[in-house]
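Only one structure is covered here, and it is reproduced in the block below.
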Amino acid sequence: MSNGVVIQCVDGCVVAPVPAALTEVVQENLRAKILGAMEDERPRAVIVDIGGVGVLDSMGFEFLRSLSHAVGLMGTQMVLTGIRAEHAAVLVQMDPDLGNIKTARTVDAALQMTR
């Protein structure tokens, strides 16, 4: 699919691996595909895997937080997976409000969490 954004439905969840570069174009494409899949599939959770993201800056995190808010408004929870050590270090320095974002180490762990 375009911009490296591939959405899958796995075990009643929408799973979205985020491409290495979380550009504005990728963000908008990812948001549209996830929200569209939510309408079509009615998943119990949306799992967003950022393990492939090279750099997670404040703009990227704000996108994830707003995506989580939109997912929540549609009645579903979002689980963020694939947080690497460098992501965690940056997030701790930013001291972000995670709001309703849940985290899991892997996609498999997130699938287990949402059962």
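Values quoted throughout were computed directly from the atomic coordinates according to the rules given, and no laboratory measurement underlies them. In this text, all values refer to a predicted model and were calculated from it rather than measured experimentally. All Cβ positions, glycine included, derive from the backbone under ideal geometry; neighbour counts span all protein chains shown.
Worth a mention:
- Across the chain, Cα pairs under 8 Å and at least six residues apart give a relative contact order of 25 percent.
- Our helix-only sum for the chain, with -39,500 (n - 2.57) per DSSP H run of n ≥ 4 divided by its residues, gives a mean residue ellipticity at 222 nm of -14000 deg cm²/dmol.
- Here the gap between residue 40 and residue 69, fully extended at 0.36 nm per residue and compared with their Cα-Cα distance, gives a gain of 8.6 nm.
- Note: relative contact order over segment 1-59, using C-alpha pairs below 8 Å and six or more positions apart, is 43 percent.
- Crossing angle, helix 85-94 versus the chain [Cα axis fit, 0-90 degrees, rounded to tens]: 70 degrees
- Counting Lys and Arg as +1 and Asp and Glu as -1 over every other residue whose Cβ lies under 13 Å from the Cβ of residue 14, the net charge comes to -1.
- Computed from Cα atoms, the angle from the helix 58-73 axis to the main principal axis of the chain rounds to 30 degrees.
- Stretch gain in nm, segment residue 20-residue 93, where the contour uses 0.36 nm per residue and the Cα spacing is subtracted: 24.1 nm
- Farthest toward positive dipole pole in the chain [+1 Lys/Arg, -1 Asp/Glu at C-beta], among 88, 75, 36: 75
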